Number of protein chains: 2
Amino acid sequence: MMLAITFVNRRFFRYYDAARKYLDNPLEWLCNLKVTIEDVAREANVSAMTVSRALRSPEKVSTKTREKIRAVVDRLGYVPDPAASALAAGRTNVIGVIVPSVTNNVFADVMLGIYEQSEGSKWQIQLGNSRYSPLEEERLVRTFLSQKPAGLIITGQDQSKATADMLKSANCRIVQIMECGPDPYDMMIGFSHLDASRAATRHLLKSGYRNPGVLMARLDPRSQRRLEGYKIEAKNAGVYDTRRIVTTARPSSVTLGGELVADLLSKAPDTDAILCNNDDLALGAMFECQRRALAIPDEIGICGFNDLEMMAAANPSITSVRTHRLDMGRASMKILIDALNGKEPVEPVQDLGFEIMARQSTGRKTD
Amino acid sequence: MMLAITFVNRRFFRYYDAARKYLDNPLEWLCNLKVTIEDVAREANVSAMTVSRALRSPEKVSTKTREKIRAVVDRLGYVPDPAASALAAGRTNVIGVIVPSVTNNVFADVMLGIYEQSEGSKWQIQLGNSRYSPLEEERLVRTFLSQKPAGLIITGQDQSKATADMLKSANCRIVQIMECGPDPYDMMIGFSHLDASRAATRHLLKSGYRNPGVLMARLDPRSQRRLEGYKIEAKNAGVYDTRRIVTTARPSSVTLGGELVADLLSKAPDTDAILCNNDDLALGAMFECQRRALAIPDEIGICGFNDLEMMAAANPSITSVRTHRLDMGRASMKILIDALNGKEPVEPVQDLGFEIMARQSTGRKTD
DNA sequence: CCATCAAATGATAGCGCTAACACGATGATG
DNA sequence: CATCATCGTGTTAGCGCTATCATTTGATGG
């Protein structure tokens, strides 16, 4: 009885307080009356706790009660308040994803894989865009961690010291993507940019090109490693020449590809192959070579990086290094969800590799 | 005194409870001790409420107190708990953004504009990807609204009835983007897809093409309107012919552009111009025409839609309909933030228009 | 020096939910 | 038949913050 009175009082004052705000608009009041877990509990003749359990861990509630509650939930259109839930439980179902760009096709594909894998699960993706800025990344990590996320997917391994410290002591699971290396914070899914770029350079050399140059836009850490790979193989082959290294801090684009080719050919007119930082540059490079009536692949070879869909469709089709972007997204989400479900990964660092897609643009007739 | 004891008790039990969980790892316990607003309040010799005010509405706190608090906040590394804040205040700083695709360059640009405009503000972007599914969109809207967002940016005007009902009675500001039309839920920033497509079709006709065809992938509502625009102008000019309308439900890609051209030319070999649903298709169409040695623009004209950066860089450069994607993002975020700050928009529906970018691919020598 | 009022600050009471424990009912066990 | 584990459910006590109103402080003018 005492309980009933307390309960009625609580409801009464809640409605009373709410009502006062809508004295001039009773209709709006009615519309905004929020359905809480207690409303469901009352209608179903159970306690709020049982409703909570029925929704979060149904196996702990008898089938009969569960179905009764489900029916009331549907009838009243109850939706749990995530803020209250997070506050009470001390954690959320949020998985934060931090990428350096949303415009870039590469990350768009990774995101797609992540979304795809999270489908149907209880985990909520929250996307953060660091725009290649370590400071912005730091801010994002701080913001995400304050939300007590279940997990974090973050791009690369070149975080600032402050970010790294936060991540190391973070109370959630972490997956680094896009790269492979030693000392992960927790888990890691990616591939070796250095090896990929070395393989691409070797492909050019094997195809009979003697003076390969390289175009690099926006030197983020992964591009740097790719450039390093080119240098190693160029030196190995004894064809290293700084004139043939064209870099810029500008973000890559098709137009930029054309401009960089122009730059490269003016500095080193004997260049006979171009390794591009990514496929946008490669496409731009191809268009520019066509405008200059340089025959691809005989006079000049072109190789991109990432193997976006358009590379195979281009005319001529363009050689590129296929990276498993969708798989990286899927795998990172999968390993994270598994870990959250208590299934520790056998191998916390996974190298998904790459593949050289040799096409017309590097198909020089060998002598 | 009473207060002090209560306070000490509270702290004590908090620490005691926390401690029990870390009996086997005291170090971890120390690391995880969360700094709360009360810790800051105690250190700064003010009440929790004053700390809260100092952070959320600094102008309500004296300069001296504010600075003292700021110093303590920095020293302790206090970060407010957004869940607690949301629960107590009944609202959040979250702005939900719902787009049908994250892979698509078009939306990537819009997102970029949105992010850009939100920079430095207190508003938090949260991205939802409906993947062109009205049901998924409904789920997203429900989820977002349960988080009591400050605002919502949603793509288009073709929501399901349930979604529309939720949005109409939602307790937050709403901006629809990418389209312009009557009866917005609240505010609207976009352009007329019908008009844009009519203008593009007229451009082809004016350029001397007599038998323009059209390629359409993934018939979302906006594509439908674009198709409608083509039909109107084709009929106006008396050149309407269903053989020249090639559509597919598959998502667009460069490769698909090539395939659809093949389809179009086999059905209607006399086609002399191709209006493409988007730039990916246009690029693929161009490559396919080049493979078939069809001279662009003399034998066949090509026009894209959206004017992605690569259209100008292509060889030949490709005519396209420039849409102001970045501006749409920026404008939608701006009008939303203004509204949230109490600055009602003068014009709740804004048409940002479009621009026909005539280039080589439709530059037929007129007779 | 005090009344008056605005500005600054504090005390109180939740926001809606869940962890942790309590408790009763049920069935299994010796 | 007492004993004990197990299951399903209820009770209690917050999670960390802010709305609201009460109170204090300081500035101003008579």
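Two numbers describe the Cα atoms of the protein assembly as shown: Rg and Dmax, which are 29.3, 98 Å.
Legend: distances between Cα atoms for A:Lys148/B:Lys122; A:Lys148/B:Lys161; B:Lys60/B:Lys343; pairs beyond 31 Å are A:Lys148/B:Lys161.
Under the definition of partner shielding as Cβ atoms of other protein chains within 10 Å of a residue Cβ, what is the mean value for peptide B:157-168?
Other-chain Cβ atoms within 10 Å of each residue's Cβ, averaged: 0.
In chain A, the longest principal axis of the Cα atoms and the axis of helix A:221-236 are about 20 degrees apart. Inter-copy label distances for A:Asn341: 4.7 nm (label point placed 7 Å from Cα along Cα→Cβ; shortest first). Taking other residues whose beta carbon is less than 15 angstrom from the beta carbon of B:Thr50, and scoring Lys, Arg as +1 and Asp, Glu as -1, yields +3.
For the peptide B:289-295, the mean number of other protein chain Cβ atoms found within 10 angstrom of a residue's Cβ is 1. Between the range A:211-226 and the range B:42-98, the alpha-carbon centres lie 44 Å apart.
Estimated from helices alone, the mean residue ellipticity of the protein assembly as shown at 222 nm is -15000 deg cm²/dmol (sum of -39500 (n - 2.57) over DSSP H runs with n ≥ 4, per residue).
Across the range A:170-183, computed HN-Hα scalar couplings (Karplus, 6.51 cos²θ - 1.76 cosθ + 1.60, θ = phi - 60°) run 5, 8, 8, 6, 10, 10, 8, 10, 6, 9, 10, x, x, 6 Hz from first to last residue, x flagging Gly and Pro. The Kirkwood radius of the range A:141-280, taken over pairs of alpha-carbon atoms, gives through the Stokes-Einstein law at 37 °C and 0.692 mPa s a diffusion coefficient of 195 µm² s⁻¹.
Sum up the charges of everything whose Cβ sits under 14 Å from the Cβ of A:Leu256, counting Lys and Arg as +1 and Asp and Glu as -1, but leave A:Leu256 out.
Numbers: positive: A:Arg218, A:Arg250; negative: A:Glu259, A:Asp263, A:Asp279, A:Asp280, A:Glu288, B:Glu309.
Its environment carries a net charge of -4.
What does the charge add up to near A:Ala164, with Lys and Arg as +1, Asp and Glu as -1, over the other residues with Cβ less than 14 Å from its Cβ? Walk me through the intermediate numbers first.
Values: positive: A:Arg142, A:Lys161, A:Lys168; negative: A:Glu137, A:Glu138, A:Asp158, A:Asp165, A:Asp183, A:Asp186.
Its environment carries a net charge of -3.
Each peptide in A:125-135, A:242-252, B:102-112 gets a packing score, the mean of other Cβ atoms within 10 Å over its residues, and the list from highest to lowest is B:102-112, A:125-135, A:242-252.
In peptide B:80-92, what is the residue-averaged number of other protein chain Cβ atoms found within 10 Å of each Cβ?
Working: counts 1, 7, 8, 15, 4, 2, 6, 8, 2, 1, 3, 1, 2.
Per-residue shielding by partner chains comes out at 5.
The 3J(HN,Hα) values that the Karplus relation (6.51, -1.76, 1.60; θ = phi - 60°) gives for the range B:82-88 are, in residue order, x, 5, 4, 4, 5, 5, 5 Hz. Gly and Pro appear as x.
Summary for A:Ser133: label point 7 Å along Cα→Cβ; distances to the equivalent points in the other copies, ascending, 3.5 nm.
Each label point was placed 7 Å from the Cα along the Cα-to-Cβ direction; for A:Ser121 and A:Arg210 their separation is 5.4 nm. Database remark: amide H of B:Ile177 closer than 5 angstrom to the amide H of B:Ile154, B:Thr155, B:Gly156, B:Ile189 (H placed geometrically; neighbours at sequence offset of 5 or more, or on other chains; Pro and chain starts carry no H). Given H placed on each backbone N at 1.01 Å, which residues far from B:Asn278 in sequence or on other chains put an amide H within less than 5 Å of it? Sorted by chain and number, the residues that satisfy this are B:Phe305. Could you give log10 I(q)/I(0) at q = 0.07, 0.08, 0.10, 0.13 Å⁻¹ for chain B, computed by the Debye formula over C-alpha point scatterers of equal weight, without solvent? After summing over all Cα pairs, the log10 values are -0.46, -0.56, -0.73, -1.00.
The range B:328-367 and the range A:273-334 have Cα centres spaced 32 Å apart. Backbone amide hydrogens, once placed in the peptide plane, bring A:Gly128 within less than 5 Å of A:Val97, A:Ile98, A:Val99, excluding anything fewer than 5 places away on its chain. For the options A:Val97, A:Val254, A:Val51, a Gaussian network treatment of chain A with springs between C-alpha atoms closer than 10 Å singles out A:Val51 as fluctuating the most. Compute the label-point distances linking B:Ala295 to its equivalents in the other copies; points lie 7 Å from Cα along Cα→Cβ; give nm, one decimal, shortest first. Ordered by distance, the counterparts are at 2.3 nm.
Taken together, the values in this text are just the output of simple stated rules run on the coordinates, not laboratory data. Fair warning: this is a prediction, and the values are worked out from it, not measured in the lab. So basically every Cβ, Gly included, is an ideal-geometry build from the backbone, and we count neighbours across all protein chains shown.
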